[in-house]
Amino acid sequence: MLRTLITCCLLALAPLASAEDTHLPNPVVDVKTSEGTFTLRLFHDKAPVTVENFMAYVDDGFYNGTIFHRVIPDFMVQGGGFLPDMSEKPTRDPIVSESRNRLHNMRGTVAMARTNDPDSATSQFFINVRNNMRLDWAPGNPGYTVFGEVIGGMSVVDYIVTAPTTSVGGHQNVPVEPITIIEVSRKSAL
């Protein structure tokens, strides 16, 4: 009788364990580019809406084939929205800003790009190549939502930011030779 009860309890808990495995708290993703691979750890515990949005794009393969379309030395590299011909990919609806999460735009962090509207982020993200505290939330400054950090391959990002750039169709700081995001894929979670 006791063995049957224990077996039933374990069977009842099994779906919970597998559900938890699919939504691990801080996903890790590899970003394979034409210049090398870097790895991001995302902060679901600090920016859940942003991380779920980013991971939905990852899981759909949205980023595969996009480019880093804006690189500014001693500032950041931005990608995740344009194809090599500089056509913009259609995105999901914008998400609410989580820039009040007390995470800072420090070197190696990843944040959401947006327009002047703080709640306009969709798919584009940027990686800070220096400390950019002026991009943090503060009274009167909506800031940019930090939602992860580079945990491997920062040398690849540092190389990308040195690419020669030009202007293309009204966009400035576009690499002369496209820097392609070949694939963004789940690795694990921490």
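Please treat every number below as a calculation from the coordinates, not as lab data. Computed from a predicted structure; not experimentally measured. Every residue, glycine as well, gets a Cβ built from its backbone with ideal geometry; the counts of neighbours run over all protein chains shown.
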Cut-off is 10 Å between beta-carbons; in what order do Tyr159, Tyr144, Tyr57 appear when sorted fewest neighbours first?
Tyr159, Tyr57, Tyr144
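Run the dipole for the chain about the Cα centre, Lys and Arg Cβ at +1, Asp and Glu Cβ at -1, nothing else charged, and hand back the magnitude in debye, nearest 20.
400
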Divide the volume of the convex hull of the Cα atoms of the stretch 121-190 by its number of residues and quote the answer in cubic angstrom per residue.
157
Please compute one quarter of the surface area of the Cα convex hull for the stretch 65-145 and express it in square nanometres.
5.5
Put a dot 7 Å past each Cα toward the Cβ at Val176 and Arg100; how far apart are the dots in nm?
4.6
Could you calculate the FRET efficiency of Ser167 with Arg92 from 1/(1 + (r/R0)^6), where r is the beta carbon distance between them and R0 is 22 Å, rounded to 0.05?
0.20
With a cut-off of 8 Å between alpha carbons and a minimum separation of six or more residues, what is the relative contact order of the stretch 25-189 in percent?
36
Separation of the Ile72 and Met133 label points, Cα + 7 Å toward Cβ, nm:
1.9
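What's the ranking of 116-123, 169-176, 42-49, 85-92 by average number of surrounding C-beta atoms within 10 Å, highest first?
Highest to lowest by the protection proxy: 42-49, 116-123, 169-176, 85-92.
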May I ask you to sort Met112, Met133, Met106 by Cβ crowding, counting other Cβ atoms within 10 Å and putting the fewest first?
Met133, Met106, Met112
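Dipole size in debye (nearest 20) for the stretch 35-87 around its Cα centre, Lys and Arg Cβ +1, Asp and Glu Cβ -1?
It comes to approximately 140 debye.
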List the pair-distance distribution P(r) of the stretch 25-189, using every Cα-Cα distance, as the percent of pairs falling in each 10 Å bin from 0 up to the bin containing the longest distance, rounded to whole percents.
11, 44, 38, 7
